[in-house]
Amino acid sequence: MGRFAQRSDIFIDEDTLRDEYTPEPDELVEREEEMDEYEEALQPTVNGSQPRHIFVYGETGVGKTVATRMILSELEEDQQHFSGVSIRVVWLNCKDLTSYLAAGHLVNKFREDGQYISTTGYPRGTVHQMLWEHLNELPESHILFVLDEVDSLGTDDELLYQLPRANSNGKVTETKVGIIGISNDFTYRENLSPRVQSSLCEHEIHFAPYDAPQLQAILEPRASKAFANDVLENDVLPLAAAFAGQDTGSARHALNILYKAGSIARRTDASQVTEDHVRKAADLVERGIIEDELRALPAQSHLLLYVLTVLASNDETPARRTRIYEVYETAANRCGTTVKAPRTVHNRLSQLSLKGFLKVNEVNEGINGGKHYDYGLDVDPDIVMDALETDNRLSDLV
Ligand SMILES: Nc1ncnc2c1ncn2[C@@H]1O[C@H](COP(=O)(O)OP(=O)(O)O)[C@@H](O)[C@H]1O
Ligand SMILES: [Mg+2]
């Protein structure tokens, strides 16, 4: 026998636990209110009026993408009964795109293979002009642009300024344009310039994190498709839901725990998925999430985490900011990055503690003394080192 053999005793269809799986309409649970809000926000479009731009926000994994897909596919389905209104939906995931690249991708949504433009080949104004031309040629009366993960576009908001105003600025006269922006980042909206905020966020829909009972309700239909009959011990779903509920409130997180628990059971030839499998899975998934968050931090934060890891291994934590700065200076010089001023480094330390990577103590130095701050790691140093290994700017250190 080789290493691989097909096994099917645990899973029947593990794909239903994956992100790419599209739930059936009756499998979207616990989001009735948000779907009602969506319906209300889309009503002007349905009536043939100017669409209201919609801004959807909430943490990752709380159903923003799936709910949006679902409501828009109902809209596309129902429009056969509308008179005088036809709606096209164009979906763009903005992950890894800049405002400029996103505009190029939008142009290509209206072009056939062979006619695609190079998304970096034209000045920005020309790309926007091409987009307006396509929009003016559309047979549909309305177009809805979904910009998913719109926070990836960062601070360059030229597209987000132009697109919602395409009609009112007279660039697009032949079709009515609506934008649905979806953001994983709470702070993104506040950081948009006021000119963009007011136009892009006419109607806001907030998706809150799920609690454990909601997560359990989401897991149930998926689990009954994914697993063979009777392989889940009774408390597996509540436990997976509880772990994800306490930690992130993300359905993606809960589904990942369940999938991982199933695959541990399969790998160890267990006949059932047990609570113990769920506990192991929850640890692994949490570790993965922390690693991803750590990797996403900027280089200067990586450097500081490295410094704290070194201090921890020398039993020097919690360490005072002045001591951290000394080690930081040496490390920054060794890997050839700019040495930031103490003040900047202090700010970064407090940001890292707000994000939960460091813990901070305020220490009072007796009656006449002032106070100072001590910092230590608040995550497993092994996880930090694993995450930092992928930052090649630090390759001289780790
Ligand atoms: N209310 C829900 N009912 C059923 N499945 C859900 C629900 N919310 C989220 N999911 C599932 O959880 C995963 C993450 O949801 P997604 O919409 O991608 O989250 P977001 O876009 O907010 O990051 C997907 O697999 C999705 O099908
Ligand atoms: Mg999403």
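Observations on the model:
- Distance (nanometres) between label positions extended 7 Å along Cα→Cβ at D230 and R267: 2.8
- Farthest towards the positive end of the charge dipole of the chain, among the residues G178, A282, L72, is the Cα of G178, using unit charges on the Cβ of Lys, Arg, Asp and Glu.
- Helix-only mean residue ellipticity at 222 nm for the chain, each DSSP H run of n ≥ 4 adding -39500 (n - 2.57), per residue, nearest 500: -14500 deg cm²/dmol
- Here is the list for region 291-380: GluC sites (Glu not before Pro) lying in DSSP coil, each with at most 15 other C-beta atoms within 10 angstrom of its C-beta, are E316, E365.
- Taking D211, D247, D26 in turn, the Gaussian network model of the chain (Cα-Cα springs below 10 Å) assigns the largest fluctuation to D26.
- Evaluating 6.51 cos²θ - 1.76 cosθ + 1.60 at θ = phi - 60° for every residue in region 103-111, the Karplus couplings come out as 4, x, 5, 5, 4, 5, 5, 9, 10 Hz, glycine and proline recorded as x.
- For region 228-271, the fraction of C-alpha pairs more than 12 angstrom apart is 61%.
- Highest-MSF residue in the chain out of Q115, Q246, Q79 [GNM, Cα springs under 10 Å]: Q115
- Phi-derived couplings, Karplus 6.51 cos²θ - 1.76 cosθ + 1.60 at θ = phi - 60°, listed residue by residue for region 359-371: 10, 10, 10, 8, 10, 8, 9, x, 5, 8, x, x, 9 Hz, with x used for Gly and Pro.
- Normalised alpha carbon radius of gyration of region 159-287 [divisor 2.2 N^0.38 Å]: 1.54
- Unit charges at the beta carbon, dipole of the chain: most positive-side option, L354, F145, P25: L354
- Over region 47-206, Cα pairs under 8 Å with separation of 6+ residues give a relative contact order of 39 percent.
- Percent of C-alpha pairs per 10 Å bin in region 110-209, short distances first: 13, 43, 34, 10, 0.
- In this structure the amide hydrogen of L232, modeled in the peptide plane, comes within under 5 Å of the amide hydrogens of V273, none closer than 5 places in sequence on its chain.
- Relative pair counts by distance (%), Cα atoms of the chain, 20 Å bins: 22, 45, 31, 2
- Stretchable slack from Q43 to I367, in nm (0.36 nm times residue separation minus alpha-carbon distance): 110.1 nm
- Cβ-placed point charges (K, R +1; D, E -1), dipole of region 47-206 about Cα centre in debye, nearest 20: 340
- For region 297-394, diffusion coefficient by Stokes-Einstein and Kirkwood Rh (Cα), 37 °C, 0.692 mPa s, µm²/s: 240
- Top of L147, L28, L311 by mean-square fluctuation, Gaussian network on the chain, Cα under 10 Å: L311
- For the chain, the longest site-free run once trypsin sites (Lys or Arg not before Pro) in DSSP loop states with at most 11 other Cβ atoms within 10 Å are removed: 8-398
- Dividing the mean sequence gap of close Cα pairs (under 8 Å, 6+ apart) by how many residues the chain holds gives a relative contact order of 18 percent.
- Debye, to nearest 20: dipole size of the chain, +1 on Lys, Arg Cβ, -1 on Asp, Glu Cβ: 1620
- Think of the chain as having a plus end and a minus end, set by charges on the Cβ of Lys, Arg, Asp and Glu; of L305, I324, T98, I324 sits farthest toward the positive end of this dipole.
- 3J(HN,Hα) couplings calculated from phi for region 288-294 with the Karplus curve 6.51 cos²θ - 1.76 cosθ + 1.60 (θ = phi - 60°) are, in sequence order, x, 5, 4, 4, 5, 5, 5 Hz; Gly and Pro show x.
- Using the Cβ-Cβ distance between N392 and R124 with R0 set to 51 Å, the FRET efficiency from 1/(1 + (r/R0)^6) comes to roughly 0.95.
Coordinate-derived values only; no laboratory data. Everything numeric in this text was worked out from a predicted model, so none of it was measured. No Cβ is skipped: glycine too gets one built from the backbone with ideal geometry, and neighbour counts run over all protein chains shown.
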